[in-house]
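Here is the structure we will look at.
The values are calculated or read from the model by the stated rules, or taken from the named source; none is laboratory data. Please read these numbers as outputs of a predicted model, since none were measured by experiment. Heads up, the Cβs are rebuilt from the backbone with ideal geometry, glycines too, and the neighbour counts pull from every protein chain shown.
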Amino acid sequence: MSITPELRQRAYDRTTEYLYKNRNTIREYVIKQYIKKPDEDILHYIMKHIKKKSKLWNEDELWHYSNPIFEAAQAFYNTFRTRLDADVAEYRRRYDEYFRRQRDEQYRKDEIAKRQDEYKIHYRLARENLLSSINRAVSFKSQQQANMMAHMKVLLKADQDRIYAEYVEAYNRNKKENPDELRRVAHEDTMMDKLNKFVVEHADDELLPIERFIQILEGWRQSVRVADKYTDAKWYELYKTKYFEQPGTTIAYTEQPYSGLIGF
């Protein structure tokens, strides 16, 4: 099929007429397509609309009249380039802004959920630690003391008050139901008590090497309720000091560096 100048002009005019009559439809199509795939230029999407949406031409005609169709599309784009480019850029900006806000909102929701989970953990641990202290020692904690505990101090005042009220109730109930247990706990030896007794009871013995002393120290730790605040090395220094403070203890000894290992 040969294309005469008349057919060529007719194809150009027909395409131009369609584009001008449907410029708003084409504008919307171009914007949507460009947002989905911004790598292509706007003229590409005008041509895509003609081929896929206009129903002006069949496949053979699109092939035969490809040049005048493209020229009409290019002329249309040149006429409305400023407006089309601005509209596409504006919608792209709005699209990016919308998804940025969506991402920010999701991030905000995730942060809130994360902080709520962390707060729940603090609440649970604060409650558990305060209530479990009833069975570890006889001394009653004031609300100020309780509020300074590790997990308690990050809670809201209403939650601090709620946990403390539960603690007071549990403490009073335990005191009423287990007075003997409270008296027993009150008279239990601390780590320092055990060290003092050990030094007195073994005043005539030779100074223990650190490896042997640590074995005894571990036994004390298992039987004492109050948390141990000293390291092995610190306890050993205290042991040596108390040992040589005993009357009649004047023997010399060879200092041995603490290796951190226990010998058997």
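From the list TYR29, TYR107, the lone residue that is surrounded by 14 or more Cβ atoms within 10 Å (Cβ to Cβ) and assigned to a helix (DSSP H, G or I) is TYR29.
What number of residues within segment 141-187 satisfy the criterion of being surrounded by 14 or more Cβ atoms within 10 Å (Cβ to Cβ), modelled with pLDDT under 85 and part of a loop (DSSP other than H, G, I, E, B)? Counting residues in segment 141-187 that are surrounded by 14 or more Cβ atoms within 10 Å (Cβ to Cβ), modelled with pLDDT under 85 and part of a loop (DSSP other than H, G, I, E, B) gives 2. Look at ARG101 and say whether it is under 30 Å from GLU169 (Cα atoms), of a type in the set (Lys, Arg) and at pLDDT 85 or above. So ARG101 fails the test. Can you tell me which residue is surrounded by the fewest Cβ atoms within 10 Å (Cβ to Cβ) among those in segment 227-246 that are in a helix (DSSP H, G or I) and not charged (D, E, K, R)? Here the answer is THR241. Just so you know, in segment 8-26 the residues that are β-branched (Val, Ile, Thr) and crowded, with 18+ Cβ neighbours inside 10 Å include one that is farthest from ALA73 (Cα to Cα), and it is ILE26. Taken together, the residues in segment 43-74 that are farther than 15 Å from VAL30 by Cβ and either of a type in the set (D, E, K, R) or touching a Gly at 6+ places or on another chain (Cβ under 7 Å) (or both) amount to 5.
Any residue at all in segment 123-133 that is surrounded by 10 or more Cβ atoms within 10 Å (Cβ to Cβ), touching a His at 6+ places or on another chain (Cβ under 6 Å) and not β-branched (Val, Ile, Thr)? The answer is yes; a qualifying residue exists.
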